[in-house]
1. Could you list, in sequence order, the residues of region 1-25 that are touching a helix residue (DSSP H, G or I) at 6+ places or on another chain (Cβ under 6 Å) and assigned to a loop (DSSP other than H, G, I, E, B)?
2. If I ask for residues that are within 18 Å of HIS142 (Cα to Cα), within 15 Å of ligand 2 (Cβ to nearest atom) and not hydroxyl-bearing (Ser, Thr, Tyr), which ones from region 152-163 would you list?
3. Hey, among GLU31, GLU63, which residue is touching a strand residue (DSSP E or B) at 6+ places or on another chain (Cβ under 9 Å) and of a type in the set (D, E, K, R)?
4. Taking ARG171 as the residue in question, decide whether it is within 16 Å of ligand 2 (Cβ to nearest atom) and either assigned to a loop (DSSP other than H, G, I, E, B) or at pLDDT below 90 (or both).
5. Got a sec? Which of CYS210, CYS144 is assigned to a loop (DSSP other than H, G, I, E, B) and under 28 Å from the mean Cα position of the chain (by Cα)?
6. Taking SER127 as the residue in question, decide whether it is more than 16 Å from ligand 2 (Cβ to nearest atom), part of a loop (DSSP other than H, G, I, E, B) and at pLDDT below 90.
7. How many of the residues making up region 13-27 are in contact (Cβ under 8 Å) with a residue 60 or more places away in the chain and open to solvent by 60 Å² or more (accessible area, probe 1.4 Å)?
Amino acid sequence: RCLAMIRKATKEEIVVELTNLYDHFFITTGECKAKVTASRLPYFDGDYWPGVAEDMVNQLHQEEDDQKLQKKGNAKKIIRKRALEAAGHTDLSGNASEDDMLMQKLGETIYPMEEDFIMVHLQYSCSNCRSFMSSGKRWACHQCRSFYICDKCYSAEQELEERERHPSNSRETHELHPVDIVGVPEETKDGDGIIESKFFDTRHAFLSLCQENHYQFDTLRRAKHSSMMVLYRLHNPTVV
Ligand SMILES: [Zn+2]
Ligand SMILES: [Zn+2]
């Protein structure tokens, strides 16, 4: 149902791209020149991955402390270093390597359920630096679908030797053409007023409400009933 909504929004050109967190940030193609650190991953309050990441950081620190205590731990560190080097990470000093390890662990955790980490783009993201393009021009490729880079990366690209330009890993050069960036439509204002309700403040509160009242959404019949009850609660906050 989420995806149906997103498809509709795509048709209305509100959404420009649909990916998932894993594909977008954890798979580095040849064209992506930016280093993606954990601090660049988007999240909402109460999301799954920041909690997991925090646990992992604690775990990494714990492991490090353990290693300092027992010098035997060196062997383990070397193995991890080798694993990172094999994965193409070369900067193994201090925070950089910690971030790499965190990203690697996060990637492994998220990968089996990547489809659930839906990412909806309201702006195109640059294929080189991964930043979102909200103004200026977007440089698209005639041959490659979904390759576009920002003004900044385009200028940098022009400085490069011909063979180093897009597409990477190929001798030929693709021509890039500029497309004006049209911002998000301004008429996305909601005509309805905001209704405050403690049941909908957080995901957890809403989940509790559903659990306590056995609001289920697994069949159409139940989903209809649950939706009506949820709306009733919203509009009649004082009713017990
Ligand atoms: Zn860029
Ligand atoms: Zn191309």
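The values are calculated or read from the model by the stated rules, or taken from the named source; none is laboratory data. Treat the numbers as computed from the prediction; the structure is a model and nothing was measured. Cβ: placed from backbone, ideal geometry, glycine included. Neighbour counts: every protein chain shown. These accessible areas exclude ligands, DNA and RNA; they are computed on the full protein's heavy atoms, side chains included. Shrake-Rupley method; radii C 1.70, N 1.55, O 1.52, S 1.80 Å.
1. The one that is touching a helix residue (DSSP H, G or I) at 6+ places or on another chain (Cβ under 6 Å) and assigned to a loop (DSSP other than H, G, I, E, B): VAL15.
2. The answer is CYS153, GLU157, GLU162, ARG163.
3. Exactly one residue qualifies, and that residue is GLU31.
4. On the way: within 16 Å of ligand 2 (Cβ to nearest atom): yes; either assigned to a loop (DSSP other than H, G, I, E, B) or at pLDDT below 90 (or both): yes.
So ARG171 passes the test.
5. CYS144
6. Answer is no for this residue.
7. So the count comes out to 3.
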